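Everything below concerns the one structure shown next.
Here, each number is a calculation from the coordinates, and none is a lab measurement. Owing to the predicted nature of the structure, the values given are computational and were not obtained by experimental measurement. Methodologically, a virtual Cβ is constructed for each residue, glycine included, from the backbone with ideal geometry; neighbour enumeration extends over all protein chains shown.
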Amino acid sequence: MSQPQADIVTQAVPPATPGEPPRLRRLQLATSLALLATVGGIWLALDVLARRHQEAFVANAQAQWKRINGRYYHTAGLHDTVDYVMLEDLPRGRYDLGGAYYIGGSNMMTAVNPWVLDPPIRQLVHNWALPGANHQQQFLFLRYMVEQEGILRAGGDKNLVVLGACYGLAADVSQNENKRVLSSSFAKQGLYDFDLDSGLRRIQCHPLERWLRIEKFRCAVFVRRMLARAGLMKDRTLEGFAPALPPDGETYRKYWIDYMGPDWQANMDRQVEILREMIRYLRQRGVHMVVVQTPVAGWHKGLPYVEAYAERLHRVCGEEEVRLMDLSGLLNDTHWADSSHPNYAGSVLLHDRIIPLATDHLRRLGLIDDAQARRCLLGQGQSP
């Protein structure tokens, strides 16, 4: 009796239609492609909005910087200055022609403003100062740019490096608040690794994957900033400009005492010797150099670091026969936005003293003319 029941069950199953599986597969494929196209379209639209936001963001930040006479970090509308350097400025350089490069810390980043220059000159003048970096980290970064990115491909003598110098660059960053700042700044895009042992390293990936990572990062910054402005999350991205802080010499001095640490003299000796190594490294490659001793506000002058660093710096520059431009007294205490960064007025003064180093070099190479050089001065009609 079991066999007939099995036959009944078998007969109850309707036969499969021969053409149904191909139709189903075509439907699934069409649905998947439509979904992919929708997601891709949304992503591309978001990317376009993010790029337009960058332009508007930079224009607004620079206008606010001038209006409030505050501090300005150029981020190109991205997260921080490292993003500007690696994602925006580095790719557009004309390294086949030569150029001028400003290397230093955050006070150099706020002192010279090549991003307000004419677009062709921006391809030749680069501010690659890294906030929070000491001389050792700057040297590691510079070596990467020379040896991996080939910025000296036009020949060393076609290039000028301006090294910003101040006592804050002689601290042991492994012992202060900047221990992981630079490493995390480079790592967050998924494109670079950076540490004091191996230096800066580019993560290898397919060019398409690299482009996708960059655009994903660009969109993420845009979305976070929009959510923050809607009050839905805390904005972890720099707004670029910041109001000037009330002068507070006692607080500033305490900050720098903590920053430099108890072993500041030994650390300073080591970092200044690394600066010497950097000078020799560039000289071996025929690069033109100028060391700029950046301004110091009055509230620093009661600390032991200013004179100690200046003595070491002048000795090294004299022994290495490299030009030293001493601007330590250029600004007065009304020119500061905080303990060590100039406000708009101070930045214009500094820019107009430092940018001619680059424009004079480019004029000698025949890459710009006198009129273009004059337009690079902020105090003569040009403004951010």
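State to the nearest 20 debye the size of the charge dipole of the chain about its Cα centre, where the only charges are +1 on K and R beta carbons and -1 on D and E beta carbons. Mind dumping the intermediate values first?
On the way: 44 positive and 41 negative charges, 217 e Å.
Dipole about the Cα centre, nearest 20: 1040 debye.
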remark   = Comparing L24, L212, L160 in a Gaussian network model of the chain (Cα, 10 Å), the one with the largest mean-square fluctuation is L24
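Using a ≥ b ≥ c from the Cα gyration tensor of region 176-308 (square roots of the eigenvalues), is it rounded, prolate or oblate, where a/c under 1.5 gives rounded and otherwise the larger of a/b and b/c decides, a/b for prolate? Before the final figure, lay out the partial values.
Working: a/c = 2.35, a/b = 1.26, b/c = 1.87.
The shape class here is oblate.
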task = Give the shape of the chain as rounded, prolate or oblate, defined through the alpha-carbon gyration tensor: a ≥ b ≥ c are the square roots of its eigenvalues, a/c under 1.5 means rounded, and otherwise the shape is prolate if a/b is larger than b/c and oblate if not.
result = prolate
message = With unit charges on the beta carbons (Lys and Arg positive, Asp and Glu negative) and the dipole taken about the Cα centre of region 64-172, which residue among L163, Y95, N69 sits farthest to the positive side?
response = N69
note = The rounded separation in angstrom of the Cα centers of region 210-236 and region 100-138 is 25
ask   = What residue among M145, M268, M260 shows peak mean-square fluctuation when the chain is described by a Gaussian network model with Cα springs under 10 Å?
value = M145
ask   = Angle between the Cα long axis of helix 264-284 and the longest principal axis of the chain, 0 to 90 degrees, nearest 10?
value = 80
query = Got a sec? Charge dipole of the chain, +1 on Cβ for Lys and Arg, -1 for Asp and Glu; which of F141, V85, F217 is way out at the positive end?
reply = F217
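Rounded, prolate or oblate for region 277-384? Axes are the square roots of the Cα gyration tensor eigenvalues, ordered a ≥ b ≥ c, and the cut-off for rounded is a/c under 1.5. Mind dumping the intermediate values first?
Details: a/c = 3.17, a/b = 1.09, b/c = 2.91.
Since a/c reaches 1.5 but b/c is at least a/b, the shape of region 277-384 is classed as oblate.
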key: For the chain, built as a Gaussian network whose Cα springs stay under 10 Å, the top-fluctuating residue of G164, G98, G190   = G190
ask   = Just from its helices, what would the mean residue ellipticity at 222 nm be for the chain, if runs of 4 or more DSSP H residues each count -39500 (n - 2.57) and the sum is divided by every residue, rounded to the nearest 500 deg cm²/dmol?
value = -16000 deg cm²/dmol
